[in-house]
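Notes follow the structure.
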Amino acid sequence: MKKIYIILATLLVTGLSSCDMEKYPYSSVEESQYLATMNDFTNARIGIYSYYRSITTGGYILTPELQCDDFHATAGFSNSYGNQYRWDFQSSDGNVEGVWQNHYAHIARCNYFIDGYNKVLDGTVTDLSDANKELIAAYAGEAYFTRAYNYFQLVGYFCKAYNPATAESDLGLPLQLVYSPTSDASAYPGRSSLKATYEQILSDLTEAKKLVNTSKTVTQAQNVLNYISQDIVTAFQARVALQMKDYTTAISNSTSLINIGKYPLLNSEDGGEAFRNMWVKDTGSEVIWQIYMSADELGSATGTSFWGQYKKDDPSSQVMDYIPSQKLIDLYEQDRDIRFAAYFAPFTLKVSTGATGDIYVFDKYPGNPDIYNVVSVDNHYTNKSKPFRISEQYLIAAEAYVGNNDIVNGAKYLNLLRASRLVDYVDVTYNSPNTLLADIQDERHKELVGEGFRLTDLKRWGLGVNREDATQDAALVLLPGGTNTTALTKTADDFRMVWPIPKSETDVNPQIKGQQNPGY
């Protein structure tokens, strides 16, 4: 009997994604008919790309961010991401489960494409022109990159931070590298070592680097910014290397992107207008990769958690779930740093208790009016996600140089980034690597706030979470001074710095039952 392949259905957990991503293939087809034509491969590629609109917005960013120290729940908030905010999430938590399941669903799409590509290589799939084979190979590079991207996101949340000394014994992820859906639980993979997980990510990126070719995959009518390029692979390799404490590789990749001058940093020369437009209009020279969206193809409205549901007639009645902490606000030199006006907006907030106060709200996702649906009230705080920007590469280079005990070059890249963000900036000279690293950490915090990096950064640095009870206005927040709200403090070794393997996985996978993360 011929095998029937059925693509995994996308599970969209409340709070994780509101967009109805197109599902391809959407039904079962005989194996002999799958990915047999150029059109099949083209449509499968569309399915891989469409998923990015989901996994780079909404809960995939907010679940880890709201677990950390930058935002306070408002009085009367909707309890969105409440388990993460209070640090009482368990293995049955819907947000945690959704991140796990949807990343693995995306991995399944990649495996499906890569399996088809391998059939082209071994001659099983015939009747393709040489030009089509070259194009399919370039598409396969995108699939390898995407599989690595998903595994990297998962390993950052569900595993310990990478330590070269213990990675071989630390638990990593279940690695599924072929598309083989089955109801036979004995065939489900157990957890690999952390070292093996990262080796797989590196291997996939090596394949992506060989195959990705935007000169073949992007037409003149398309925006190359929306497609996986060699530069994006390089940027990702730098990110992975930093996480692995492979500082030499991180330096090589990050500085290679900086030095080509293709993605110049935005600065204060225009009063910060271009930098602000990067977040409002989704434009800007320093974006390396931006996910395609349109009014008909949207990701989640990430900004809704910070602005509340859009209310045109009475914006002051909007119910915001989270506002920035005073600790975050105080990181910035408000009158000099172009990021402050771009990331924060003054607002008079009235909460359900009747309290009113003048505060700053987080405005990094204000909504791009060119893409949201003006009829809907749910899409106004939707922006195109930007998984890679050149500013991160400056921060990677700076941190990696310090890791290699090169203070001079570490300071160089920190000063270059600061000079682009601060009016009348004067370079700082450092004599202490610890002082320099602390400043790099603060700069990374300021630059990348709200983009999903904070939890994995704290883990890499061996730091815990400390909200410090620093509220903008105690009357506006939920349970001010509470040890599970504004005064929450967690050490770096707290078990919830690593998320639990979801109960839905441990219930059905016998290989993983004894491999739950400690504490759950």
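The values are calculated or read from the model by the stated rules, or taken from the named source; none is laboratory data. Remember, predicted model here, so these are calculated numbers, not experimental data. Glycine also receives a Cβ, built like all others from the backbone with ideal geometry; neighbour counts cover every protein chain displayed. Areas reflect the complete protein model, heavy atoms only, side chains present, ligands, DNA and RNA absent. Shrake-Rupley method; radii C 1.70, N 1.55, O 1.52, S 1.80 Å.
The listed residues are THR255, THR248, and the only one of them that is within 23 Å of THR456 (Cβ to Cβ), more than 21 Å from the chain's Cα centre (by Cα) and surrounded by fewer than 16 Cβ atoms within 10 Å (Cβ to Cβ) turns out to be THR248. Within region 412-454, track down each residue that is within 26 Å of GLN84 (Cβ to Cβ) and either of a type in the set (D, E, K, R) or touching a Cys at 6+ places or on another chain (Cβ under 6 Å) (or both). Of everything in region 412-454, those that are within 26 Å of GLN84 (Cβ to Cβ) and either of a type in the set (D, E, K, R) or touching a Cys at 6+ places or on another chain (Cβ under 6 Å) (or both) turn out to be ASP442, GLU443, ARG444, LYS446, GLU447, GLU451, ARG454. Scanning region 107-144 for residues that are buried (at least 20 other Cβ atoms within 10 Å of the Cβ), more than 16 Å from TYR34 (Cβ to Cβ) and among the charged types (D, E, K, R) yields one hit, GLU142.
For region 35-147, please list each of the helices (runs of 4 or more DSSP H) lying entirely inside it that holds at least 1 residues being farther than 30 Å from LYS490 by Cα. Please lay out each step first, then the result.
On the way: elements: 38-55, 59-65, 82-86, 94-121.
Here the list reads 38-55, 94-121.
What are the residues in region 258-282 that are surrounded by 17 or more Cβ atoms within 10 Å (Cβ to Cβ) and free of Cβ contacts under 8 Å to residues at least 12 places away in the same chain, if any? Correct list: ALA274 only.
Among the residues of region 340-356, the one identified as surrounded by fewer than 17 Cβ atoms within 10 Å (Cβ to Cβ), closer than 27 Å to ASP282 by Cα and touching a residue at least 24 places away in the same chain (Cβ under 8 Å) is THR348.
Can you confirm whether region 222-239 contains a residue that is in a loop (DSSP other than H, G, I, E, B), among the aliphatic types (A, V, I, L, M) and open to solvent by less than 20 Å² (accessible area, probe 1.4 Å)?
Taking region 222-239 as the starting set, the residues that turn out to be in a loop (DSSP other than H, G, I, E, B) are 222-223, 227-229.
The next check asks that each one be among the aliphatic types (A, V, I, L, M); those that pass are 228.
Those still in the list that are open to solvent by less than 20 Å² (accessible area, probe 1.4 Å) too: 228.
Yes; the residues of region 222-239 include at least one that is in a loop (DSSP other than H, G, I, E, B), among the aliphatic types (A, V, I, L, M) and open to solvent by less than 20 Å² (accessible area, probe 1.4 Å).
For region 376-385, the criterion of a residue being open to solvent by 10 Å² or more (accessible area, probe 1.4 Å), assigned to a helix (DSSP H, G or I) and of a type outside the set (Phe, Trp, Tyr) is satisfied by no position.
When the residues of region 152-171 are narrowed to those that are among the aliphatic types (A, V, I, L, M), open to solvent by 10 Å² or more (accessible area, probe 1.4 Å) and in contact (Cβ under 8 Å) with a residue 24 or more places away in the chain, which ends up farthest from ARG191 (Cα to Cα)? Among those that are among the aliphatic types (A, V, I, L, M), open to solvent by 10 Å² or more (accessible area, probe 1.4 Å) and in contact (Cβ under 8 Å) with a residue 24 or more places away in the chain, it is ALA161. In region 204-220, the condition of being farther than 25 Å from TYR34 by Cα, open to solvent by 10 Å² or more (accessible area, probe 1.4 Å), part of a loop (DSSP other than H, G, I, E, B) and without any contact (Cβ under 8 Å) to a residue 24 or more places away in the chain is met by at least one residue.
Condition first: modelled with pLDDT of 95 or more, open to solvent by less than 10 Å² (accessible area, probe 1.4 Å) and part of a loop (DSSP other than H, G, I, E, B). Can you find one or more residues in region 182-203 that meet it? No, that holds for no residue.
When every residue of region 307-324 is checked against the conditions, none turns out to be within 21 Å of the chain's Cα centre (by Cα), more than 30 Å from THR206 (Cβ to Cβ), open to solvent by 60 Å² or more (accessible area, probe 1.4 Å) and among the hydroxyl-bearing types (Ser, Thr, Tyr). One residue stands out among those in region 270-298 that are charged (D, E, K, R) and modelled with pLDDT of 95 or more: the one that is farthest from the chain's Cα centre (by Cα), which is GLU273. Looking only at residues in region 69-84 that are modelled with pLDDT of 95 or more and out of contact with any Asp or Glu (no Cβ under 9 Å at 6 or more places or on another chain), the one that is surrounded by the fewest Cβ atoms within 10 Å (Cβ to Cβ) is ALA75.
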